[in-house]
Amino acid sequence: MGSEENSISATIVALTASIAVIGANSLALGPIAPSISADLGVTVTATMTAAGGYGLGTAGGALWLSGHIDRLGVKRALALALAGLFAAFVASALAPGVAALVFAQAVAGIAAGVALPAIYAFAAAIAPKGRESRVLGRVIVGWTLSLVVGVVLSSLLADVVHWRAVYALLAGFTAAAWFRIARIPYHAAPPAASRRAGLGELLRFEGVVPLLAICFAYMTAFYGSYAYIGDHIHSMLEMPVRAAGLIALTYGLGFGAAVFGDPYIDRFGAHRMLPLSLLLIAGVYLGLGLAADSYVGLLAIGGLWGLVNHFGLHLIVAGLSAIDAGNRGAILGLNSAVTYLAASFGALAFGPLYAAFGFSSLACLAAAVTAAAALLAFSKAKVLQRA
């Protein structure tokens, strides 16, 4: 029993580290873009096209390649995806120009599009019965590490050493995660399935469409708000740029602290907790709107924002993971594709509202979108319970 527990713990550490690397790459480009632009002789806008390449690559990889997770098995699929990430980070570190960087980040996105659902599926596969939520909750703490450690360390490295050192470090951490995954004594065959479903069949599985719709609303609200809160703090509240970094820090700490509440998901059931969690998230957005003129207020609510968002992400992923074990990787791939499409949509759709009416109106829209997701979750509670 002790050996099995040690193996599960080692796997959780490796999966958490893998998410942290993926999250750090997706969040690091913004802070280090000025350094890249100065070095390559291009505008910051041109440099940020690499973020677009990464997002599109992630959505495409998740949509078209995640089905191979179920055919290859989670361990092999994740190892291959991490190898692809390593190569992409090395290419990013060596990129001679912005076009090469965009291409390298698109490749990183494709690999991440496979790695993320593989990580979630791996967590579901190793979790002892009755402890599924605790295991998944510990794994998604990797997003906290990417916010609290990854963004801060990336900015520091770009200032003190060079922006290329950021990608070199990410490549090193990815290699370490790959080595740890390769050594894990997990050799289970891919779970049996009545069929390896295509896209149309996946969408007909009970619970998939409602949860993906909830995911889209949840992620649109988050990315649409998060994309502009930094500019609001800097431009409207006249705070230094680093002040926005503290919002990310408090958000990340709140997100990580929520792991202590994950056992309650196993106790009460995801189908019961999802509507409540989404309503709480909607309330937090209303709080952000009311506190928009106060930096201290935003800072305080930032921690609560991370806390409730942890449960939102956890419950959506847990619900999708439970629908069909034999097609789990493909279903979770749809979740990743929807997430990154929602990220782009949220930033684009919320931008005009922010420009015209400010952050308070934007936060209120996020609250309305999340409340609609809560109503959908409540109306589909019986379906989600069966899933």
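For (1) crowded, with 21+ Cβ neighbours inside 10 Å; (2) modelled with pLDDT under 90; (3) not acidic (Asp, Glu), each residue gets a yes or a no:
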| position | (1), (2), (3) |
| --- | --- |
| Met48 | no, yes, yes |
| Leu56 | no, yes, yes |
| His68 | no, yes, yes |
| Ala77 | yes, no, yes |
| Leu94 | no, no, yes |
| Ala100 | no, no, yes |
| Ile110 | yes, no, yes |
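If only residues of the stretch 259-281 that are among the small types (Gly, Ala, Ser) and surrounded by 21 or more Cβ atoms within 10 Å (Cβ to Cβ) are counted, the one that is nearest to Ala368 (Cα to Cα) is Ser277. Mind checking whether some residue in the stretch 152-163 is assigned to a loop (DSSP other than H, G, I, E, B) and either over 21 Å from the mean Cα position of the chain (by Cα) or closer than 30 Å to Gly261 by Cα (or both)? Yes, because at least one residue in the stretch 152-163 is assigned to a loop (DSSP other than H, G, I, E, B) and either over 21 Å from the mean Cα position of the chain (by Cα) or closer than 30 Å to Gly261 by Cα (or both).
Listed by position, the helices (runs of 4 or more DSSP H) enclosed by the stretch 321-387 that each have at least 3 residues that are within 17 Å of Ala213 (Cβ to Cβ), in contact with a Leu (Cβ under 8 Å, 6 or more places away or on another chain) and of a type outside the set (Asp, Glu) are 328-357, 359-379.
Inspect the stretch 86-98 for any residue being within 19 Å of the chain's Cα centre (by Cα), part of a helix (DSSP H, G or I) and among the hydroxyl-bearing types (Ser, Thr, Tyr) and give the result as yes or no. No, that holds for no residue.
When the residues of the stretch 112-146 are filtered to those that are small (Gly, Ala, Ser) and under 26 Å from Leu304 (Cβ atoms), the one that is modelled with the lowest pLDDT is Ser133. For the stretch 127-143, the criterion of being part of a helix (DSSP H, G or I) and in contact with a Lys or Arg (Cβ under 6 Å, 6 or more places away or on another chain) is met by no residue.
Can you tell me which residues in the stretch 117-136 are touching a Gly at 6+ places or on another chain (Cβ under 8 Å) and farther than 12 Å from Ser18 by Cα? Ala121, the sole residue that qualifies. Evaluated against (1) surrounded by fewer than 18 Cβ atoms within 10 Å (Cβ to Cβ); (2) at pLDDT 85 or above; (3) not charged (D, E, K, R), Gly2 falls short on exactly one condition, (2). Restricting attention to the stretch 321-357, and to residues there that are of a type in the set (Ser, Thr, Tyr) and surrounded by 23 or more Cβ atoms within 10 Å (Cβ to Cβ), which single residue is farthest from Ala125 (Cα to Cα)? Ranking the candidates gives Tyr340 first. Among the residues of the stretch 124-145, write down those that are closer than 14 Å to Ala28 by Cα and surrounded by fewer than 23 Cβ atoms within 10 Å (Cβ to Cβ). Matches in the stretch 124-145: Leu145 only. Only one entry in Gly283, Gly302 is at pLDDT 95 or above and part of a helix (DSSP H, G or I), namely Gly283. Filtering the stretch 201-219 to residues that are among the aliphatic types (A, V, I, L, M), surrounded by 15 or more Cβ atoms within 10 Å (Cβ to Cβ) and under 26 Å from Ala347 (Cβ atoms) leaves Val208, Val209, Leu211, Leu212, Ala213, Ile214, Ala217, Met219. Does Ile110 qualify as being in a helix (DSSP H, G or I), in contact with a Leu (Cβ under 9 Å, 6 or more places away or on another chain) and under 20 Å from Asn327 (Cβ atoms)? No.
From the list Ala197, Ala182, Ala171, Ala193, the lone residue that is surrounded by 15 or more Cβ atoms within 10 Å (Cβ to Cβ) and modelled with pLDDT of 85 or more is Ala171.
The values are calculated or read from the model by the stated rules, or taken from the named source; none is laboratory data. Nothing here was measured: the structure is a model prediction, and the numbers come from that model. Every residue, glycine as well, gets a Cβ built from its backbone with ideal geometry; the counts of neighbours run over all protein chains shown.
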